[in-house]
Amino acid sequence: MQNIFDVAIIGGGPAGMMAAITAAEKKNNSSELSVVLLEKNDSLGKKILATGNGRCNLTNRFAEKSRYHGGDQQFISNVLSSFDQFKTMQFFEELGIVLKEEDNGRIFPRTNQAQTIIDALNHRLQEDKVNVRLNSIVKRISKNSGNFEITLNDGTVINSKKVVITAGGKSSSQFGSTGDGYYWAENLGHKTTETYPALVPLETVEDWPKELSGLRLEGRTFVTDGDKIISEKNGDILFTHFGLSAPSVMAHAGRIAPFFNHKLTIHLDIFLDLSEKDLDSTLIKIFESSGKKELKNALSGILPNNLSPVVLRLLEIRAEKKTAEISKEDRLKIVKFLKDIPLEIKQTRPFKEAQVTSGGVALDDINEKTLESKKTKGLYFAGEILDVDGDSGGFNLQWAWSSGHLAGNLQ
Ligand SMILES: Cc1cc2nc3c(=O)[nH]c(=O)nc-3n(C[C@H](O)[C@H](O)[C@H](O)COP(=O)(O)OP(=O)(O)OC[C@H]3O[C@@H](n4cnc5c(N)ncnc54)[C@H](O)[C@@H]3O)c2cc1C
């Protein structure tokens, strides 16, 4: 079996597959480069299958640096523009995939199947004669006398002139990424920043959300550290047995994780479209027209029926009171609460449930025009392993395609 290559790509996720295709299509003095793609799983792109609820939200029409977090914004912008969302869409269309656009610029394969993307990439890898080695767990990477030496778990040693590390971060390790790449990067002279689970649900100290498990509302959520708002989002809010979920809630995780040594509170405004004054007028109207009704029943006209008893209990207002007997003070208490329901955040859910990793290999020691290491010549990084994480909506896969393509250029 051939064990000497021009390029070894380590990790067969989206970044690795894109890097391998790009490298294999490069000409080196008019001859093709020999490329090996090493993947620990028994198939490539396992995580892609889980993306977009199995539909693969592969990019976003509005991808640009402000949708990304972590390292230097100019660095991120350079990488994105080297192979942007439009080139990405063109790339997949040229692979024969028909794409469609949904709300907020999210792009999916028209088949609604992530497998379509994996099949097309596999086909291209085959056409490009990339040597794909599945079930190949990389244990160690070192560089001796000009070449890299890659040692697999079974003792096999592979030599290559260049290496692209695309082993992902620590999120959703059930799909293969267990953070191995950080260790190799550090051994090859790189710094890594603190890593946190991002795009992941939040656990609350209070356990009343579990009584509402499954209830989905729309609104604004913001997280405070003392008086300071540190993250703010509009969108769905899903109550769960541990706290809160849904994309707009999960979006807070990566942003607030560095502050977890402080007391953090998430506030829910579930009447975003009404000011306190308007909500109060609405309640006055409801109470006037239903004077004989019990409060819990009157509120069911404006709140989901399982929410009103919980709200009234938390506010210590008797649910059986007749609406005609409600004091102004109690009414205003309800208004204030519905506009700002506070919940103390205990922690995020673990890495295993996270869609991405916040933090990773620091960008400082990487060339922003090539993604080559400034510490070890011939070493490149791409994808989630880098200290870059995107918003939900196709931005993370776009980062994988852009950075995979740039690194695979091997400049
Ligand atoms: C449930 C879920 C839904 C998501 N939905 C979306 C979405 O709709 N849109 C979007 O843009 N993003 C989405 N993401 C995020 C997106 O999947 C990631 O950003 C992307 O997969 C990162 O690509 P990557 O190639 O850098 O890493 P990964 O996809 O993690 O790939 C890394 C690969 O390296 C391999 N590997 C790791 N260690 C070794 C080793 N020691 N030896 C050999 N191989 C190794 C792994 O097995 C894996 O195949 C989602 C993520 C999850 C978990």
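Tell me, rounded to the nearest percent, the portion of alpha carbon pairs in region 201-349 spaced more than 19 Å apart. In whole percent, the long-distance tail amounts to 52. Helix 73-82 and the long axis of the chain differ in direction by around 60°, with both axes built from C-alpha atoms.
For the residue pairs Lys285/Lys339; Lys191/Lys346; Lys293/Lys328; Lys233/Lys293; Lys26/Lys143, alpha carbon separations beyond 25 Å are given by Lys191/Lys346; Lys233/Lys293.
Return the sequence-ordered ³J(HN,Hα) values of region 230-239 in whole Hz as given by the Karplus equation 6.51 cos²θ - 1.76 cosθ + 1.60 applied to θ = phi - 60°, using x for Gly and Pro. Running phi through 6.51 cos²θ - 1.76 cosθ + 1.60 with θ = phi - 60° gives 10, 7, 8, 8, 10, x, 6, 10, 10, 7 Hz. Amide H contacts of Tyr380 (H built 1.01 Å from N, in plane; Pro and chain starts excluded): Val163, Val164, Ile165, Ser373 sit under 5 Å, all sequence-distant by 5 or more or on other chains. Using a Gaussian network model of the chain in which every pair of alpha carbons under 10 angstrom is joined by a spring, one finds that among Thr88, Thr195, Thr282 the greatest mean-square fluctuation is at Thr282. Would you mind checking the tilt of helix 276-289 against the longest principal axis of the Cα atoms of the chain, expressed as 0 to 90 degrees and rounded to 10? Roughly 50 degrees between the two axes. Distances between placed amide hydrogens fall under 5 Å for Leu215 paired with Phe239, all partners being 5 or more residues away or on another chain.
Among the listed pairs Lys139/Lys263; Lys65/Lys170; Lys47/Lys263; Lys100/Lys369, a Cα-Cα separation exceeding 29 Å is found for Lys139/Lys263; Lys47/Lys263; Lys100/Lys369. Fully extending the segment from Ser77 to Glu102, taken as 0.36 nm per residue of separation minus the present Cα-Cα distance, adds 6.6 nm. Dividing the summed helix terms, -39500 (n - 2.57) for each DSSP H run of n ≥ 4, by the number of residues in the chain produces a 222 nm estimate of -8000 deg cm²/dmol to the nearest 500. Summing Cβ point charges (Lys, Arg +1; Asp, Glu -1) relative to the Cα centre of region 151-212 gives a dipole of roughly 560 debye. Taking all Cα pairs closer than 8 Å and separated by 6 or more residues, the relative contact order of region 269-411 comes to 19 percent.
Relative to the Cα centre, the charge distribution of region 201-349, modelled as +1 at Lys and Arg Cβ and -1 at Asp and Glu Cβ, gives a dipole magnitude of about 200 debye.
Extension gain, Thr111 to Lys369, is 89.4 nm, computed as 0.36 nm per intervening residue step minus the present C-alpha separation. Can you tell me what share of the DSSP beta bridges in the chain is antiparallel? A percent to the nearest 5 is fine. Roughly 75 percent of the DSSP beta bridges within the chain come out antiparallel.
Mean sequence separation of contacting Cα pairs (under 8 Å, at least six apart), scaled by the length of the chain, corresponds to a relative contact order of 24 percent. Between region 20-91 and region 337-396, the C-alpha centres lie 15 angstrom from each other. If you wrap the chain in the convex hull of its Cα atoms and look at it from every side, the mean projected area works out to 21.8 nm².
No value in this document is a laboratory result; all are computed from the given coordinates. Note that the structure is a prediction, hence the values are computed from the model and not measured. A quick note on method: Cβ atoms are made from the backbone with ideal geometry, for glycine too, and the neighbour counts reach across all protein chains shown.
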